[in-house]
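This report concerns only the one structure given below.
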Amino acid sequence: MSLYIKCCTERDLDVLVQISKETFIAAFEDQNDPEDFKKYIDFAFSKEKLKSEIENKDTQFYFVFDQEEIIGYIKLNKERAQTDINDKESMELERIYVISEYQGRGIGKWLLQQIEQLARKDGLNYVWLGVWEKNRAAIKFYLEHGFTKFGSHPYYIGKDKQTDWLMRLDL
């Protein structure tokens, strides 16, 4: 594999919408109420919503490439764009998704290294994220890579109130 990341711009919006929906549906559709899930997808990954997020100076999306093929993406938030913490010393990893046929190849580990480098370059002290409490594989992955649980917060898929663990990696 020849992996690299590239920052998304507004020109990438259509592809970002498509991969956002594709990866989120693959990861969570079968574990949620179909009506709530569809409403969430239609809102969270709409062209308008993602456009406003790309335009936010405190949010960055990166496509993950294997050679010239997009195989995933990440979304990073700093300062006021963070969903909870809003600490100038931190970066939120809001999304990290790899398309299913590329999972299990060490790409997640490689992405965490890239995220850590970006955070260090910005002089930040830690990276944090929210992960669904029922996503045991993801929780195990983050624990194995140095993250620790420091709290929780509610996360809504439609009307369904779920709980995310808040986890952090000190740099």
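The values are calculated or read from the model by the stated rules, or taken from the named source; none is laboratory data. Worth saying up front: this structure is predicted, and the values here are computed from it rather than measured. Every residue, glycine among them, receives a Cβ derived from its backbone with ideal geometry; neighbour counts consider all protein chains shown. SASA here: full protein model, heavy atoms, side chains in, ligands and nucleic acids out. Shrake-Rupley method; radii C 1.70, N 1.55, O 1.52, S 1.80 Å.
Would you check if residue 59 is in contact with a strand residue (DSSP E or B) (Cβ under 8 Å, 6 or more places away or on another chain), closer than 25 Å to residue 15 by Cβ and at pLDDT below 95? In short, no.
Please determine whether any residue of the range 55-70 is within 23 Å of residue 134 (Cβ to Cβ) and among the hydrophobic types (A, V, I, L, M, F, W, C).
Checking the range 55-70: not a single residue is within 23 Å of residue 134 (Cβ to Cβ) and among the hydrophobic types (A, V, I, L, M, F, W, C).
Here are some conditions: (1) touching a residue at least 60 places away in the same chain (Cβ under 8 Å); (2) on the phi > 0 side of the Ramachandran plot; (3) not aromatic (Phe, Trp, Tyr). Residue 153 meets all but one. Which one does it not meet? With respect to (1) touching a residue at least 60 places away in the same chain (Cβ under 8 Å); (2) on the phi > 0 side of the Ramachandran plot; (3) not aromatic (Phe, Trp, Tyr), residue 153 is out only on (2).
Is it the case that some residue within the range 121-128 is hydrophobic (A, V, I, L, M, F, W, C), out of contact with any helix residue (DSSP H, G or I) (no Cβ under 6 Å at 6 or more places or on another chain), modelled with pLDDT of 95 or more and under 28 Å from residue 4 (Cβ atoms)? Can you show your working first?
First pass over the range 121-128, keeping only residues hydrophobic (A, V, I, L, M, F, W, C): 124, 127-128.
Now narrow it down to the ones that are out of contact with any helix residue (DSSP H, G or I) (no Cβ under 6 Å at 6 or more places or on another chain): 124, 128.
With the extra rule that they be modelled with pLDDT of 95 or more, the set shrinks to 124, 128.
Next cut, under 28 Å from residue 4 (Cβ atoms) only: 124, 128.
Yes, the range 121-128 has at least one match.
Checked against the criterion of being more than 17 Å from the chain's Cα centre (by Cα) and either surrounded by fewer than 12 Cβ atoms within 10 Å (Cβ to Cβ) or free of Cβ contacts under 8 Å to residues at least 40 places away in the same chain (or both), the range 17-26 contains not a single residue that satisfies it.
From the list 152, 100, which residue is among the hydroxyl-bearing types (Ser, Thr, Tyr), open to solvent by 60 Å² or more (accessible area, probe 1.4 Å) and within 30 Å of residue 1 (Cβ to Cβ)? Even if it seems obvious, please write down each step before you answer.
Values: 152 fails: within 30 Å of residue 1 (Cβ to Cβ).
Going through 152, 100 in turn, just one is among the hydroxyl-bearing types (Ser, Thr, Tyr), open to solvent by 60 Å² or more (accessible area, probe 1.4 Å) and within 30 Å of residue 1 (Cβ to Cβ): 100.
Residue check: is residue 82 among the polar types (S, T, N, Q) and surrounded by 13 or more Cβ atoms within 10 Å (Cβ to Cβ)? It is true that residue 82 is among the polar types (S, T, N, Q) and surrounded by 13 or more Cβ atoms within 10 Å (Cβ to Cβ). Residues that are open to solvent by 60 Å² or more (accessible area, probe 1.4 Å), within 18 Å of residue 24 (Cα to Cα) and in contact (Cβ under 8 Å) with a residue 24 or more places away in the chain occur in the range 127-136; there is at least one.
In the range 147-170, what residues are over 15 Å from residue 28 (Cα atoms) and modelled with pLDDT of 95 or more? Walk me through it before giving the result.
Quick first cut of the range 147-170, residues over 15 Å from residue 28 (Cα atoms) only: 147-154, 159, 165-170.
Residues satisfying the conditions are 147, 148, 149, 150, 151, 152, 165, 166, 167, 168, 169, 170.
Within the range 57-78, the set of residues being open to solvent by less than 60 Å² (accessible area, probe 1.4 Å), of a type outside the set (A, V, I, L, M) and either in contact (Cβ under 8 Å) with a residue 60 or more places away in the chain or assigned to a loop (DSSP other than H, G, I, E, B) (or both) comprises 58, 65, 66, 73.
Among the candidates 148, 163, single out the residue that is β-branched (Val, Ile, Thr) and touching a Pro at 6+ places or on another chain (Cβ under 7 Å). It would help to see each step written out before you state the result.
Values: 148 fails: touching a Pro at 6+ places or on another chain (Cβ under 7 Å).
The match here is 163.
Every residue, every condition in (1) out of contact with any Asp or Glu (no Cβ under 9 Å at 6 or more places or on another chain); (2) modelled with pLDDT under 95; (3) within 22 Å of residue 137 (Cβ to Cβ); (4) not polar (S, T, N, Q), yes or no:
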residue: 48; (1), (2), (3), (4): yes, no, no, yes
residue: 64; (1), (2), (3), (4): yes, no, yes, yes
residue: 78; (1), (2), (3), (4): no, no, no, yes
residue: 94; (1), (2), (3), (4): yes, no, yes, yes
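Residue-by-condition table, conditions (1) part of a strand (DSSP E or B); (2) polar (S, T, N, Q):
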| position | (1), (2) |
| --- | --- |
| 112 | no, no |
| 117 | no, yes |
| 123 | no, no |
| 128 | yes, no |
| 140 | no, no |
| 149 | yes, no |
| 155 | yes, no |
| 165 | yes, no |
